[in-house]
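Down below is the structure, laid out as structure tokens.
Bear in mind these aren't lab numbers, they're just calculated from the coordinates by the rules spelled out. Nothing here was measured: the structure is a model prediction, and the numbers come from that model. Cβ: placed from backbone, ideal geometry, glycine included. Neighbour counts: every protein chain shown.
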Amino acid sequence: MALLPILRYPDPRLHTVATPVTEFNDALRELVRDMAETMYEAPGVGLAATQVNVHKRLVVIDVSEDKSALRAFINPEIVARAGEQMCEEGCLSVPGIYERVSRAERVTVRAFDEHGKPFELDAEGLLAVCIQHEIDHLDGKVFVEYLSSFKLNRIKTKLAKKARITA
């Protein structure tokens, strides 16, 4: 397994719309393992392939406390949404930034696992938020883009300053 470099906002590659996965093979399963290792090490609870510069419709998520509930969602599609919740979100591609975003409270997602087996999952709470957040990445959208232009500009300035300091 290998740690993968995570793209940082505002890298334009984060706006690439991911293409569907068509082959369920060992290379895909290795990518799932590498993404999971990268997510855990970061640390985070979700990671989209787009964030590691692989533009395929694949996300890994584990919202458990003990890292025991890893799920891969390949070609995920939200087929139902209900309710609304405001929650504080962060992102491995936007380190150190946490903002409140409105999301559906419950979602139903259809996807494939890493072996090509289809499944459907009803999710609520943090898992529902994470699914929506990661699918946004596959569609080329980063959570901070839901914020006002004023907040977004402040975030970009803060990230640019941080990048200069660490460079």
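Values computed for the structure shown
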{"read-out": "Tail fraction, Cα-Cα pairs, the chain, threshold 21 Å, whole percent", "value": "45"}
{"read-out": "Top of D113, D66, D34 by mean-square fluctuation, Gaussian network on the chain, Cα under 10 Å", "value": "D66"}
{"read-out": "DSSP beta bridges in segment 1-103 [antiparallel fraction, %, rounded to 5]", "value": "95"}
{"read-out": "Mean shadow area of segment 87-128, taken as a quarter of the surface of its Cα convex hull (nm²)", "value": "3.8"}
{"read-out": "Of K151, K141, K56, the one that fluctuates the most in a GNM where the chain has Cα springs shorter than 10 Å", "value": "K151"}
{"read-out": "Distance (nanometres) between label positions extended 7 Å along Cα→Cβ at K67 and K162", "value": "2.2"}
{"read-out": "Reachable lysines from K156, criterion Cα separation under 28 angstrom, eight or more residues apart if same chain", "value": "K56, K141"}
{"read-out": "Reciprocal mean inverse distance between Cα atoms of segment 23-80 - Kirkwood radius, Å", "value": "11.7"}
{"read-out": "Summed residue charge, Cβ within 15 Å of P5's Cβ, Lys/Arg positive, Asp/Glu negative", "value": "-2"}
{"read-out": "Dimensions (Å) - segment 1-47, Cα atoms, principal axes, largest first", "value": "32, 26, 16"}
{"read-out": "Range in the chain, longest, excluding exposed GluC sites (Glu not before Pro) [loop by DSSP; at most 12 other beta-carbon atoms within 10 Å]", "value": "85-167"}
{"read-out": "Rounded to 10°, Cα long-axis angle of helix 125-138 versus longest principal axis of the chain", "value": "80"}
{"read-out": "Distance from segment 113-127 to segment 47-89 (C-alpha centre basis), Å", "value": "9"}
{"read-out": "GNM flexibility winner over the chain from L58, L138, L147 (Cα, springs under 10 Å)", "value": "L147"}
{"read-out": "Dipole magnitude of segment 1-124 about its Cα centre (Cβ charges: Lys, Arg +1; Asp, Glu -1), debye to nearest 20", "value": "360"}
{"read-out": "The chain: angle of helix 149-166 to the longest principal axis, Cα-based, in degrees nearest 10", "value": "90"}
{"read-out": "Cα long-axis angle, helix 26-41 against the chain (0 to 90 degrees, to the nearest 10)", "value": "40"}
{"read-out": "Neighbour net charge for G83 - beta-carbon separation under 11 angstrom, K R +1, D E -1", "value": "0"}
